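The block underneath contains the structure these notes are about, expressed in structure tokens.
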Amino acid sequence: MLSALMAGALLAILSGLMNGSFTLPMRYLGRWEWENVWILFIVSSCLLLPVAIVAATAPQSWTILLSIPAHAFWIAALTGFAWGFGAIMFGQSVSAIGISLANTFVLAISSALGSLLPLLILSPEKLFQRSGRMILLGVFLVVLGIVFCGKAGSMREKAAGVQSKAERGDLVGRARPLAIALLLVIGAGLLSAVFNIGFALAQPIAGYGRSEGLSQFASINLIWLVMLAAGSVSNLGFCLYLLIRNRSFSKFVQRGSARLYWLALLMGLLWGGSIFVYGAAVPRLGMLGTSIGWPLSLATGLLLANAIARRNARGTTCSRASLRC
């Protein structure tokens, strides 16, 4: 039988695999505008999936939600709302500079801050203990690895000439000047770290759920429900603004859109599912679960995203040279 620590590590890795693959369908959604894709992604990942999981794991959660600690609720809601803008920036940055570079910057920043700040806030005394030093070393190595992997991914994309929208596998969205793209990924990384910090600080919600008879998994799901719902507000508002400004509502009913709906929903299921799997991993990793599981999940996600980018770049190169790969 697996130990709790090993099970937690495997769940964090699974979360990373789901997170690292969720942007893949964007390569095949170029017939839609960014806002068409993102609004379906947000509805499925932040609203439909959380409600379905909470209803399936603990139907009584809806009553318990009315009595959760107010301070923890507002922490979850406000950090979730802030993360929503980070999600917008990440989605825009993927379209602006490609998956490899966007993932590199966002995951490096988010991994470092999202791991260290919960440790500093919740258990500062552990920072200079053996466990804290190991986390610091691990975060440093993860960030270093992320930078090298991202650089390699960028070099592969440039070598394959994957620059324009048409050349990027019909990736949804449009390229932007490098300065704007960098601002997007920095903002996305900072606000993505807020997501893990909010989760760590909102643990009293899970504690209250346990006191009311919910399982550990169902109790943690209460936090995700609040955070993701709050994050959807900022995302949906921005998407609606773009749909009106760009007059892109008509894209939803264009011929052959059924496949695009499924791909956008698949994005939501992969990313949303990764969040709940990460939530299941954290308590199994012990008191420092948020500081250990977060970089492990993000590093795994980046490795997969770069492997996907490598395969796509190789396929593009071979296609141009009319070679069989």
Euclidean distance of C-alpha centroids, segment 37-67 and segment 210-243, integer Å: 7
Per-residue Cβ neighbour rank within 10 angstrom, fewest leading, Thr63, Thr79, Thr300: Thr63, Thr300, Thr79
Kirkwood Rh and Cα Rg combined as Rg/Rh, segment 1-49: 1.18
Under 5 Å, built H, 5+ apart or other chain: amide partners of Leu29: Val172
Cα→Cβ-extended label distance, 7 Å offset, between Thr63 and Arg259, nm: 4.9
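Coordinate-derived values only; no laboratory data. A quick note: this is a predicted structure, and the numbers were derived from the prediction, not measured. Please note: Cβ atoms are built from the backbone with ideal geometry, for glycine as well, and neighbour counts cover all protein chains shown.
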